[in-house]
1. Round to a whole angstrom and tell me the spacing of the C-alpha centers of the range 38-54 and the range 99-137.
2. Of Ser64, Ser146, Ser11, which is the most mobile in a GNM of the chain whose springs link Cα atoms less than 10 angstrom apart?
3. Within the chain, what percent of beta bridges assigned by DSSP are antiparallel, to the nearest 5?
4. By how many degrees, between 0 and 90 and to the nearest 10, does the Cα long axis of helix 13-23 differ from the longest principal axis of the chain?
5. So which residue, out of Ile132, Ile52, Ile170, gets the largest mean-square fluctuation from a GNM of the chain using Cα contacts under 10 Å as springs?
6. If every alpha-carbon in the range 1-42 counts as one equal scatterer, what log10 I(q)/I(0) does Debye give at q = 0.19, 0.20, 0.27 1/Å?
7. Over the chain, with a Gaussian network built from C-alpha contacts below 10 Å, which listed residue (Ala44, Ala71, Ala54) shows the highest mean-square fluctuation?
8. Using alpha-carbon pairs under 8 Å, 6+ residues apart, how would you state the relative contact order of the chain in percent?
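Laboratory data are not the source of any read-out in this text; all were calculated from the coordinates shown. Predicted, not measured: the structure shown is a model, and the values here were computed from it.
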Amino acid sequence: LLKLGVMASGSGSNFEAIAQAIADQQLHAQVNVLLYNNPGAKAAARADRWGIPAVLLNHREFESREALDEAIVETLRQHDVEWVIMAGWMRIVTPVLINAFPRRILNIHPSLLPSFKGNRAVEQALAAGVKITGCTVHLVVPEVDSGDIIMQAAVPILPNDTLETLHDRIHTQEYCIFPKAIALAAQVQPPSNA
Ligand code: GAR
């Protein structure tokens, strides 16, 4: 059983898809804690409904990214987390977090990396006029959106797409690949005590 800690900044629909995949026994894991950084993030209400402990670490109350990451590591350790799942986590993370969970932090990004790194990836793809975009689950390294790719799904951009219709279509694919990518990454990278 993989012990997950999920980090989310906003809606948390990917977090919900992971919780659902676990409930459906498609992913053999448990979510030990949800970490969120924005008071009122919908992700927290979802955690309540699943009976998953939710911990708010408001980045505005920390003096540096490193200080926030130290608190994150402490919280994840308190909850016995082995795999860190960044599901719509909108803060840049530092080696303080990355080195605490070597090759055990996954992020989902709404583009086919290495295209459209960084913020507003869906907008970037629309603006570029590409006809195919998608989503990527990758390992987290200090350079943003640059770690080894675990899984991707392609999504067509249709002529009348808006940011919303396109992001909806990408989200659907994210819900599909994220649970599978977690299982795959864990297969390749067995527990540190194995
Ligand atoms: C997802 O589309 C995810 O790929 C993206 O934020 C959305 C979160 O949705 N992540 C990034 O842009 C990371 N830079 P959710 O909160 O409903 O899961």
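1. Computed from Cα coordinates, the inter-centre distance equals 25 Å.
2. Ser64
3. On the way: 11 of 28 bridges.
Antiparallel bridges: around 40 percent, rounded to the nearest 5.
4. That helix lies at roughly 60 degrees to the long axis.
5. Between Ile132, Ile52, Ile170, it is Ile132 that shows the largest mean-square fluctuation.
6. -0.54, -0.59, -0.92
7. Ala71
8. Dividing the mean separation by the residue count of the chain yields 20 percent.
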